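First the structure, in the form of structure tokens, and then the observations on it.
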Amino acid sequence: STIESAKRLAAYTAVDRHVKPEHIVIGIGSGSTVPYVVERIVQQGREANKDRVFIPTGFQSKELIVSSNLNLGDVDQYPTIDVTLDGADEVDRDLNCIKGGGACHLREKVLAEAARTFILVADYRKNVEYLGTNFKPGVPIEVVPFAYAKVLQNLHHILGSPKATLRMAVAKAGPVVSDNGNFIIDAPFEREHMEKPYDIMARIKMLTGVVEVGLFCHMAQAAYFGNEDGSVTVKY
Ligand code: DER
């Protein structure tokens with residue numbers, strides 16, 4: 001499909017530019033675009049990959065590394081990462097992004113912060129002027145189960161997200177449970193809030209019980225978007 005080829009185009013371009021022979025420790029994100037990142041890295045060949053270690057951002061990411069026969073590393077052993085490549089739900093003009101559509105944003109943010117270079121790859125739907133343009137579920141927030149109801153109250157009545165909801169599972173009764181054993185709240189905000197993502201991220205993060213917020217502000221060095229016409233847009 002056009003969207004799949006756009007994802008592949010973004011991923012291939014990013015890998016060709018940012019995964020160099022001297023890069024040994026590589027962070028692998030989560031979602032449906034990152035498999036194309038791994039596909040392109042595998043194409044660099046066994047020789048290029050034999051001394052590399054690949055750090056996952058969750059169960060799906062780990063399975064992708066293992067099934068691609070790449071060396072699996074642990075962030076405990078490699079707390080500094082050469083380059084992390086990851087997808088995003090949306091990326092605004094200042095490279096701030098919404099992440100967490102796949103409920104993986106806690107480990108993703110750890111590996112983004114641990115990386116010397118953090119690169120985003122996405123299809124054209126994610127390339128927006130301000131956050132919330134296309135991605136409507138809102139800001140993903142990982143919370144400890146003990147605190148979810150209290151955090152929902154805070155979002156509804158204090159932080160200006162009256163429509164915030166606990167993310168319910170589809171193929172399981174009850175809420176989605178993250179790789180860390182926590183719940184996810186999706187909190188939509190008005191444009192005025194989403195145009196200052198750092199401010200709203202900081203306010204959400206201060207709520208007791210919040211583990212991590214799916215707003216990555218001033219973290220990425222570049223974002224690659226595959227377009228419908230087969231071109232690539234790069235934001236720096
Ligand atoms: O959950 C995440 O942050 C993932 O990176 C996800 O948002 C990326 O989505 P994708 O399937 O469109 O690549």
Expected 222 nm ellipticity per residue - DSSP helices of 4 or more, -39500 (n - 2.57), all of the chain, to 500: -8500 deg cm²/dmol
For region 195-234 versus region 58-83, the gap between their alpha-carbon centres in whole angstrom: 22
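Relative to 2.2 N^0.38 Å, what does the C-alpha radius of gyration of region 21-92 come to as a ratio? Two decimals please.
1.04
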Cα convex hull of region 175-236 - mean projected area over all directions, nm²: 6.6
Measure of compaction for region 1-44 (Cα Rg per 2.2 N^0.38 Å): 1.13
Accessible area expressed per residue, region 107-149, with surrounding protein chains retained (probe 1.4 Å, Å²): 43
Radius 12 Å from Cβ of Lys99, net charge of other residues (Lys, Arg +1; Asp, Glu -1): -3
Within straight-line cross-link reach of Lys172, lysines at Cα separation under 16 Å, skipping those fewer than 8 residues along the same chain: none
Histogram of C-alpha separations across region 1-131, 10 Å bin width, %: 14, 49, 32, 6, 0
Restraint check, Lys7/Lys136; Lys99/Lys163; Lys62/Lys196, Cα-Cα greater than 25 Å: Lys62/Lys196
Long-range HN-HN contacts of Gly132 with modeled amide H, under 5 Å: none
For the chain, built as a Gaussian network whose Cα springs stay under 10 Å, the top-fluctuating residue of Glu195, Glu90, Glu47: Glu47
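Quick one: of the DSSP bridges fully inside the chain, what percent are antiparallel, nearest 5?
In the chain, approximately 50 percent of DSSP beta bridges are antiparallel ones.
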Whole-percent carbon and sulfur share, accessible surface of the chain, 1.4 Å: 53
Per-selection Kirkwood Rh - the chain (Cα, Å, 1 d.p.): 17.9
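Under a Cβ-only charge scheme (Lys and Arg +1, Asp and Glu -1), can you give me the dipole magnitude of region 87-177 about the Cα centre, in debye to the nearest 20?
My answer is approximately 280 debye.
The values are calculated or read from the model by the stated rules, or taken from the named source; none is laboratory data. Please read these numbers as outputs of a predicted model, since none were measured by experiment. Positions of Cβ are backbone-derived with ideal geometry, glycine not excepted, and every protein chain shown enters the neighbour counts. Calculation scope for accessible area: heavy atoms of the full protein, side chains included, ligands and nucleic acids excluded. Shrake-Rupley method; radii C 1.70, N 1.55, O 1.52, S 1.80 Å.
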